[in-house]
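The values are calculated or read from the model by the stated rules, or taken from the named source; none is laboratory data. Values in this document were obtained by computation on a predicted structure and should not be read as measured data. Ideal geometry is used to build each Cβ from the backbone, glycine not excepted, and the neighbour counts take in all protein chains shown.
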Amino acid sequence: LRHPRDGLAWKTFNQQFHEFASEPRNVRLGLATDGFNPFGTMSLSYSIWPVFLVPYSFPPWMSMKQTSMILSMIIPGKHIPGNDIDVYLQPLIQELKDLWSEGLSTFDVSKNEVFCMRAALLWTISDFVF
């Protein structure tokens, strides 16, 4: 398995959502997060949780490069967000829902046309380290 598109989940998604899969310009994403103490010391209770979107629509050699990932938010605080992380993620999840159901009018320069780009969140990954 070199890329998620080689796996059964990707193929099953294509079968279940044929209309989405038939438009190659639609975007497939993963959401990845992992927190850390920015001060590197356990005596200070503070954490930062970056939340990244990983574009799995890119070729395998490009998908996992840091330059391809989208930093969607940073969750700072005196403690880890824990079960409250959903409060922080709500705006992002709503935007992803809108991109799934309604899409976004986007210009394709290679075809010189406007099309409706949609996005699907396929996976979430915790404890994600570069």
- Picking from Ile85, Ile75, which residue would you name as being hydrophobic (A, V, I, L, M, F, W, C), surrounded by fewer than 17 Cβ atoms within 10 Å (Cβ to Cβ), modelled with pLDDT of 85 or more and under 18 Å from the mean Cα position of the chain (by Cα)? Ile85
- Task: Pull up region 4-37, narrow it to residues that are in a helix (DSSP H, G or I) and among the acidic types (Asp, Glu), then point me to the one that is nearest to Ala119 (Cα to Cα).
- Result: Glu19
- Flag if Met69 is out of contact with any Cys (no Cβ under 7 Å at 6 or more places or on another chain), without any contact (Cβ under 8 Å) to a residue 60 or more places away in the chain and under 23 Å from Asp108 (Cα atoms): yes
- Query: What do you reckon, is Ser57 touching a Lys or Arg at 6+ places or on another chain (Cβ under 8 Å), modelled with pLDDT under 90 and not in a helix (DSSP H, G or I)?
  - Reply: no
- Which of the residues belonging to region 33-55 are over 13 Å from Pro76 (Cα atoms) and touching a residue at least 24 places away in the same chain (Cβ under 8 Å)? Phe52, Leu53, Val54, Pro55
- Checking Ser126, Ser110 in turn, the sole residue that is within 30 Å of Leu1 (Cβ to Cβ), loosely packed, with under 13 Cβ neighbours inside 10 Å and over 17 Å from the mean Cα position of the chain (by Cα) turns out to be Ser110
- Looking only at region 91-107, count how many residues are exposed (fewer than 13 other Cβ atoms within 10 Å of the Cβ), over 14 Å from the mean Cα position of the chain (by Cα) and not acidic (Asp, Glu). 3
- Note on the structure: Of those in region 13-62 that are polar (S, T, N, Q) and in contact with a His (Cβ under 7 Å, 6 or more places away or on another chain), the residue farthest from Gln94 (Cα to Cα) is Ser45
- Message: Given the condition among the acidic types (Asp, Glu), surrounded by 14 or more Cβ atoms within 10 Å (Cβ to Cβ) and modelled with pLDDT under 95, answer yes or no: does some residue in region 24-43 qualify?
- Response: yes
- Task: State all residues of region 63-96 that are part of a loop (DSSP other than H, G, I, E, B) and over 16 Å from Gly30 (Cα atoms); if no residue qualifies, say none.
- Result: Lys78, His79, Ile80, Pro81
- Residue tally, condition touching a residue at least 12 places away in the same chain (Cβ under 8 Å), more than 14 Å from Glu19 (Cα to Cα) and assigned to a helix (DSSP H, G or I), over region 97-128: 1
